[in-house]
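The numbers here are math on the coordinates, done by the rules we state, and not lab data. Fair warning: this is a prediction, and the values are worked out from it, not measured in the lab. Positions of Cβ are generated from backbone atoms using ideal geometry, with glycine treated the same way; all protein chains shown enter the neighbour counts.
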Amino acid sequence: MHIAEGFLPAPHAIGWTVAAAPFVVHGARAVVKEVREHPESTLLLGAAGAFTFVLSAIKLPSITGSSSHPTGTGAGAVLFRPPVMALLGTVVLLFQALLLAHGGLTTLGANAFAFAVVGPWAGYGAYRLARALGAGLLPGVFVALALADLATYVTTSLQLALAFPDAAGGFAGAVVKFLGVFALTQVPLALAEGLLGVLLFRVLTTSARPELERLGLLPAVPAEERG
Amino acid sequence: MTRRRLVTALLVLAVLALVALPLALGGGDAEYAGTDAQAAAAVEESGYTPWFESVFPPSSSEVESGLFALQAAIGGGVLGYVLGRLRGRRATERAREDGRP
């Protein structure tokens, strides 16, 4: 999902930067507010950031014969709501753009919009929908992480198609072309990411139960009723 | 508790299978090129030339993979630290509860 440095025409690069900036600023304020009002959240915030840091560093092979990396942004979106991930995700992208020549400064806005805004919101939406339909926490986490991952790559495909419409097929043709590169490859990786999220939250439900109760992920149980 | 362990093992196996099966089925002839690079190649095919270079391109693929490993190590380290602390905190709470009459 990393559009390489210089690979978006300047108007697109500027447009996506302007589009992503308010989300990132709002996200930074959300992080500061969370830490100030709930200092005990700092540990879990670190876990959410670390989770996306690891997952976005590891490129995995897929059925299509190409390889790609998961995003890991859904976990933090479920825990702290999506604005927090707008900041944490952008920090990850900035690290990769500056040190790894992966993604870039001119494409940071577009990449942040896909990775740190659309992905977390799509994952959070899927989580809320799953919970409203009666799913438990873990199935909700699974769909959230898988969908945050997929939605990010679909967004990247749309961004590239918008900038580089196909000579013959126009925008639609380009969408099909870029989805062909990204989407199918991502399906098994998104499923794997969903399962990794379930593993993470299984640990959190026992070790970080008070936090999950406060964040509204688990119903609060009075201390004396706990087994 | 054993059922919980079994579920954990199955989840880990499923993640490994999702990643390892393509490798096994691909028979080794696929190149597993990164999708980001494929997309960049598709863009360049249309005659587009990038107008900005990376500020700090890693000087070789070894350096690049090292930096990716560093990113994963930092993330894994922090994640392990947090989960370890949370687990330790729970163990302490349990011990304190058990200590009470």
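Worth pointing out:
- For chain A, modelled as a GNM whose springs connect Cα atoms under 10 angstrom apart, the maximal fluctuation among A:L150, A:L45, A:L88 occurs at A:L45.
- Gyration tensor verdict on region B:1-90 (Cα atoms; rounded if a/c is under 1.5, prolate if a/b is larger than b/c, oblate otherwise): oblate
- For chain B, adding -39500 (n - 2.57) for each run of n ≥ 4 DSSP H residues and dividing by the number of residues yields -26000 deg cm²/dmol at 222 nm.
- All-pairs alpha carbon distance profile, region B:58-100, 5 Å steps from 0, percent: 5, 21, 13, 13, 10, 10, 8, 7, 5, 4, 3, 1, 0
- Rounded to 10°, Cα long-axis angle of helix A:170-207 versus longest principal axis of chain A: 20 degrees
- Taking A:L195, A:L87, A:L147 in turn, the Gaussian network model of chain A (Cα-Cα springs below 10 Å) assigns the largest fluctuation to A:L195.
- Sequence-distant residues sharing a close amide H with B:G34 (under 5 Å, placed H): A:S67
- Tilt relative to chain A, helix A:119-132 - C-alpha long axis, 0 to 90 degrees, to 10: 40 degrees
- Crossing angle, helix B:61-99 versus chain B [Cα axis fit, 0-90 degrees, rounded to tens]: 10 degrees
- Per-residue [θ]222 nm for chain A (sum of -39500 (n - 2.57) over DSSP H runs n ≥ 4, rounded to 500): -23500 deg cm²/dmol
- Applying the criteria of a DSSP loop state and at most 12 other Cβ atoms within 10 Å to the trypsin sites (Lys or Arg not before Pro) of region A:122-227 yields A:R226.
- A:V176/A:A10 FRET efficiency (R0 35 Å; Cβ-Cβ; nearest 0.05): 0.85
- For chain A, modelled as a GNM whose springs connect Cα atoms under 10 angstrom apart, the maximal fluctuation among A:A50, A:A77, A:A101 occurs at A:A101.
- Over chain A, equivalent-ellipsoid semi-axes from the Cα gyration tensor in Å: 32, 19, 14
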